[in-house]
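Any read-out appearing in this document is the output of simple, stated calculations on the displayed coordinates, not a laboratory observation. It should be emphasised that the depicted structure is a prediction, and the values quoted were computed from it without experimental measurement. Glycine also receives a Cβ, built like all others from the backbone with ideal geometry; neighbour counts cover every protein chain displayed.
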Amino acid sequence: MSDNQGILWEVFVQTKPGLPHKHCGSIHGHDKEMALQNARDLYTRRNEGTNIWIIPASEIVASSPEDTGSFFEPANDKVYRHPTFYKIADGITHM
Amino acid sequence: MTTQEALFNYCLRLADNHLILGHRLSELCSKGPVLEEDIACTNISLDLIGQANALLQYAASIENNGRNEDDLAFLRHERHFYNSLLSEQPNRDFAFTMVKQFLIDAFNYYLFDELKKSKDLTISALTTKGHKEITYHLRHSSTWIDRLGLGTDESNLRTQNAINELWRFTDDMFVMDEVDKMLITDGIATDLNIIKTKWQNTVNGAFEKANLKIPEKVWMQYGSKQGKHTEHLGFLLAEMQHLHRAYPGVKW
Amino acid sequence: MENALNEKSFQDKIDEGISIEPKDWMPETYRKHVLRQISQHAHSEIIGMQPEGNWITRAPSLRRKMVLLAKVQDEAGHGLYLYSAAESMGVTRDELLDQLHTGKAKYSSIFNYPTLTWADIGAVGWLVDGAAIMNQVMLQRTSYGPYARAMVRICKEESFHQRQGFEIMTVLSEGSSEQKEMAQDALNRWWWPSLMMFGPPDEESPNSANALKWKIKREGNDELRQRFVNQTVPQAAILGLKVPDTDLKWNEAKKGYDFGTPNWAEFKNVISGNGPCNKERIANKIHSHKEGAWVREAAEAYAAKKNKASIAA
């Protein structure tokens, strides 16, 4: 089972303070510290980061393509969740 | 010796330490145990050569004799290089490389931390920037010392061997001479005895934690500050300088 | 029946430009094709570190040394991005490396040519990276999502690679007569292998049709090769260097250059292991992999101990 290259980790980098961490790829590492350092060296060489999260790839839970219909389509017709659904009297601003 | 001459020499020491250590690391490019480590080692090598470049530029400006940083890197001979004996030792295996890095990273970490306070503003600026990079280098090499020391019997043995072999070059880093004394008085350089105490604490602590021992009764080797090196430096320079020397005076 | 339906909706997605993601259904032939291409691409980046890494310790100035280090490091990084993309198809990096070491997986044959002088570092950046970029720009829109995303990142980072090569060539061709000679010699040796990088002519390329149908590639080998020649010939003129092709001439009708035929017999030989450096490149890789085995074992053992300790605590 053991892949001698270390386990796979997914890397999320925050590019500026205040912004969310964004997935940017994966990395191998045997332990947490090594994976963190490897992520730093691979994904922030060009001044791209202010913070890094790493997580073992095996710990990611993802929805599957078969779920797409039941998961996401029900949201299609719920237009009342969007502000453009509502009529506002002329002359009202900042709402 | 004038202060200017002392300062020139002092900058060469700092620069050469980095240049030669960075060169040794760059030899490993594409030869790492895992790909990620290739990237880590080239990163550190780039930091070191970058710092050497800046320090040599400063040295050239102090000398003010028409030489530039490349002249200083590629046209000086063995006896005019002042890097520590430890930095020029060959890589041999990954344990040698990491033990060497760790011993020097710890030295640089405390040295640069002190030099931030230097009254020479350029040295202060360069070491302030450099210290951030070195902090990362030390983190990288210390975690490897831990891994290798505590990993397998083989890795512990190899790391212990590397320590045993390299230990005799460690004292050479702390030698002080006229250059140091003169610049310490001026508040430019730093007292290496202070660095040595801190360095010993860090090294002892890391080795103890990783189940590694410092060898006893080791006969120390000295000479780098007089440009007296081990035989390894000549070969390193032959490789590094040959192209530059083969076509004198041209641009690259 | 179900398969035919799947295949239809798969091709519809491709035609609509919707990218294929790892968990999506895909024909086995598509999976194999993409995986082979990504792994070849990854191996090329990794083996490609050798001919250039060769000159890091001898670079003639500190600036050149730093630039070259940064470039070769990028190649390692690009190899990693691509290995990750390949891993998304369920293969491990260990398996990928094993295929490289045993010769089962191929890599770009260009890296089996030696870098003999410093000018070769210029020529590799200018020509080899130039050719690679042409391919890679196209691959940013390749149909397999993880591959496309890796390529976007790679293209962004590669942009300095070709420039640094051209800069080296510029300095050499404006330099001493010896330097200029060195630059011309490098162009002579790297020109034809660079043209071969786009692969054999489409009519002889067994995989071209599928690659286009599935939008793995979006342009044919010959089309890309022509564009490369059109772009590079004027650059050689700026350098004052002569492209080593007696058939090269401007064709006003097609608004492009006519050029000679690469030596495809040589191409086939280099791919199948008879290039000047095939044996060394793989031997070096295997050597460092073996030398690193005890380090990886130590890291693994250490991680296991740490995990145990954190569970106990």
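Between B:THR230, B:TYR10, B:LEU148, the Cα set farthest toward the positive side of the dipole of chain B (charges on each charged residue's Cβ, about the Cα centre) is that of B:TYR10. If R0 is 30 Å, the Cβ-Cβ spacing of C:SER177 and C:VAL152 corresponds to a FRET efficiency of close to 0.10.
Rounded to the nearest 20, the size of the Cβ-charge dipole of the range C:1-123 about its Cα centre is 700 debye, with Lys and Arg at +1 and Asp and Glu at -1. Shielding value for A:22-28 is 5, the average number of Cβ atoms from other chains within 10 Å of each residue's Cβ. Taking Cα atoms only, the orientation of helix A:32-43 departs from the longest principal axis of chain A by about 70 degrees. On the basis of the beta-carbon distance and an R0 of 56 Å, B:HIS232 and C:ASN207 show a calculated FRET efficiency of 0.65. Once the chain from A:HIS94 to A:GLU73 is taken as fully extended at 0.36 nm per residue, the excess over their C-alpha distance is 4.4 nm. With helices as the sole contributors, the protein assembly as shown gives -19500 deg cm²/dmol at 222 nm; each DSSP H run of n ≥ 4 counts as -39500 (n - 2.57), and the sum is divided by every residue. Binning all Cα-Cα separations of the range C:11-127 at 10 Å, short to long from zero, yields these whole-percent fractions: 12, 37, 27, 17, 6, 0. Take each residue of peptide C:263-273, count the partner chain Cβ atoms within 10 Å of its Cβ, and average: the result is 0. Suppose the Debye formula is applied to equal point scatterers at every Cα of the range B:3-246; what is log10 I(q)/I(0) at q = 0.07, 0.10 Å⁻¹? Per q value, in the given order, log10 I(q)/I(0) is -0.21, -0.45. For chain A, relative contact order (Cα pairs under 8 Å, six or more residues apart, normalised by length) works out to 26 percent.
Computed on chain C, with alpha-carbon pairs under 8 angstrom and 6+ residues apart, the relative contact order is 19 percent.
Counted over chain C with a bin width of 10 Å, the fraction of Cα pairs per bin, in whole percents, is 5, 24, 32, 23, 11, 4, 1, 0. Are any of the pairs B:LYS100/B:LYS213; B:LYS100/B:LYS198; A:LYS32/C:LYS65 more than 21 Å apart by Cα-Cα distance, and if so, which? Pairs exceeding the cut-off: A:LYS32/C:LYS65. The rule of thumb for compact globular proteins, 2.2 N^0.38 Å, goes into the C-alpha radius of gyration of the range A:7-85 1.49 times. Cβ crowding within 10 Å, taken as a proxy for footprinting-reagent exposure, orders A:VAL11, A:VAL79 from fewest neighbours to most as A:VAL79, A:VAL11. What's the angle, to the nearest 10 degrees (0 to 90), between helix B:94-115's Cα axis and the longest principal axis of chain B? Helix B:94-115 sits roughly 50 degrees off the main axis of chain B.
Taking the charge dipole of the range C:254-313 about its Cα centre, with +1 at Lys and Arg Cβ atoms and -1 at Asp and Glu Cβ atoms, the residue from C:TRP294, C:PRO276, C:PHE259 reaching farthest to the positive side is C:TRP294.
Remark: the range C:208-217, residue by residue, has Karplus-estimated 3J(HN,Hα) of 4, 4, 4, 4, 6, 4, 8, 6, 5, 10 Hz, where x stands for each Gly or Pro and the curve is 6.51 cos²θ - 1.76 cosθ + 1.60 at θ = phi - 60°. Of the residues C:LEU127, C:LEU69, C:LEU139, the one that moves most in a GNM of chain C with alpha-carbon contacts below 10 Å is C:LEU69. Highest GNM mean-square fluctuation among B:ILE184, B:ILE145, B:ILE123, for chain B modelled with Cα contacts below 10 Å: B:ILE184. Dividing the alpha-carbon radius of gyration of the protein assembly as shown by the rule-of-thumb value 2.2 N^0.38 Å gives 1.07. Rounded to the nearest 20 debye, the dipole size of the protein assembly as shown about its Cα centre is 560 debye, using +1 on the Cβ of Lys and Arg and -1 on the Cβ of Asp and Glu. Cross-link pairs exceeding 30 Å between alpha carbons, from the set A:LYS78/C:LYS23; C:LYS213/C:LYS254; A:LYS22/A:LYS78; A:LYS22/C:LYS8; C:LYS71/C:LYS306: A:LYS22/C:LYS8; C:LYS71/C:LYS306. Model label sites at B:THR122 and C:LEU116, defined 7 Å from Cα along the beta-carbon direction, differ in position by 4.3 nm. Within the straight-line cut-off of under 17 Å between alpha carbons, the aspartates and glutamates reachable from C:LYS255 are C:ASP222, C:GLU223, C:ASP247, sequence neighbours fewer than 8 places apart in one chain being disregarded. Listed by Cβ neighbour count within 10 Å, with the fewest neighbours leading, B:HIS131, C:HIS101, B:HIS18 appear as C:HIS101, B:HIS131, B:HIS18. The dipole here belongs to the range A:7-85: it is taken about the Cα centre, uses +1 on the Cβ of Lys and Arg and -1 on the Cβ of Asp and Glu, and is about 460 debye. Note on the range B:154-252: Rg/Rh from C-alpha atoms, Kirkwood Rh, equals 1.10. For chain B, the longest principal axis of the C-alpha atoms and the axis of helix B:232-246 are separated by about 40°.
Given C:LYS106/C:LYS249; C:LYS156/C:LYS290; C:LYS106/C:LYS217; B:LYS181/B:LYS225; C:LYS156/C:LYS180, which pairs have Cα atoms separated by over 22 Å? Exceeds cut-off: C:LYS106/C:LYS249; C:LYS156/C:LYS290; C:LYS156/C:LYS180.
Among the GluC sites (Glu not before Pro) found in the range C:221-313, those both in a DSSP coil and sparsely packed, with 12 or fewer other Cβ atoms within 10 Å of their Cβ, are C:GLU252. B:ARG13 sits among other residues whose Cβ lies under 11 Å from its own Cβ, and their net charge, with Lys and Arg +1 and Asp and Glu -1, is -2. Taking a span of 18 Å or more along the helix axis (Cα atoms) and a mean Kyte-Doolittle hydropathy of at least -0.5 as the rule, the DSSP H helices of chain C that qualify are C:62-87, C:145-173, C:221-239, C:293-312. C:LYS32 label point, 7 Å along Cα→Cβ, cut-off 17 Å on backbone N: hits in the range C:97-136? The answer is C:104-106.
Between the range C:42-111 and the range B:149-209, what is the separation of their alpha carbon centroids in Å? That distance is 35 Å. Of the residues A:GLY49, A:SER70, A:ILE60, the one whose Cα sits farthest toward the positive end of the charge dipole of the range A:7-85, with +1 on the Cβ of Lys and Arg and -1 on the Cβ of Asp and Glu, is A:GLY49.
Put in line by how crowded their Cβ is, counting other Cβ atoms within 10 Å and starting with the fewest, A:THR93, C:THR261 read A:THR93, C:THR261. Between C:LEU5 and C:THR102, full extension at 0.36 nm per residue minus the direct alpha carbon distance yields a gain of 31.1 nm. Taking a virtual spin label 7 Å from the Cα of B:ARG245 along the C-beta vector, which residues in the range B:43-80 bring their backbone nitrogen under 15 Å of it? Residues B:71-80 fall inside that zone.
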